[in-house]
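Participant: Here it is, the structure, as structure tokens.
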Amino acid sequence: MIKLADKYSDKPLGELPMLFQRILQNTIRDFYRRAKVRSTWTTLFSSLTPADDEDADPLETLQQEEGSKTKETPHGLFEQSQVLGLIEKEVEKLPPRQREAFLLRYWEELDIAETAAAMGCSEGSVKTHCSRAVHTLAAALRTKGVTL
């Protein structure tokens, strides 16, 4: 309702119910989209590939196969928990600045400017730390035989 009042207070009363419905639908979609990203980022590092564009978000490269039921089986859930454990151990091994940048960007979902402000460094440094962390994690998972 706050979004409706802030952005569309000048609209006629007849348009407000439809605008409110659209805002509500988009907010719900955004919530579930974020929840999906939070739950999948940890399991799909091997699909992250270095991009030529520094502004590219590695999370945007993650794609889940439609109709994939492997995670719903006990075996799939067990594998997922094993991979999550490996990822947690590898994240702990990252240098402190890389770990901080990685967690702020991809777990807390801060943008580059917000992450730079939180870390007290430049946006370029955030990009460098995140890129190095992603590459290190992906390489570490590959050496442990994790292929997703």
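Participant: Once you place label points 7 Å from the Cα toward the Cβ at Gln80 and Asp111, how far apart are they in nm?
Facilitator: 3.1 nm
Participant: Between region 118-145 and region 1-39, how far is it from one alpha carbon centroid to the other, in angstrom?
Facilitator: So the separation of the two Cα centres works out to 34 Å.
Participant: Moving on. Full extension from Thr147 to Arg22: what is 0.36 nm times the residue separation minus their Cα-Cα distance, to one decimal in nm?
Facilitator: Net length gain for the segment: 41.0 nm.
Participant: Lys89 label point, 7 Å along Cα→Cβ, cut-off 12 Å on backbone N: hits in region 101-141?
Facilitator: Hits in region 101-141 for Lys89 at 12 Å: 141.
Participant: Round to the nearest 10 and report in Å² the accessible area of Phe31, as given by a 1.4 Å probe over the protein chains' heavy atoms.
Facilitator: 130 Å²
Participant: Rank Ile28, Ile2, Ile112, Ile87 by accessible area, highest first, at a 1.4 Å probe radius?
Facilitator: Ile2, Ile28, Ile112, Ile87
Participant: Further, regarding this structure: Determine how large the accessible area of Glu92 is when every protein chain is in place; take a 1.4 Å probe and give Å² rounded to the nearest 10.
Facilitator: Per-residue accessible area (Glu92): approximately 130 Å².
Participant: Now for a different question. Leu103 accessible area, nearest 10 Å², 1.4 Å probe?
Facilitator: Probe radius 1.4 Å; accessible area of Leu103 about 60 Å².
Participant: If packing is taken as the average number of other Cβ atoms within 10 Å across a peptide's residues, how do 135-143, 5-13 rank, most packed first?
Facilitator: 135-143, 5-13
The values are calculated or read from the model by the stated rules, or taken from the named source; none is laboratory data. Values in this document were obtained by computation on a predicted structure and should not be read as measured data. Virtual Cβ from ideal backbone geometry, glycine too; neighbours counted across all protein chains shown. Just so you know, the surface numbers come from the protein's heavy atoms only, side chains and all, with ligands and any DNA or RNA stripped out. Shrake-Rupley method; radii C 1.70, N 1.55, O 1.52, S 1.80 Å.
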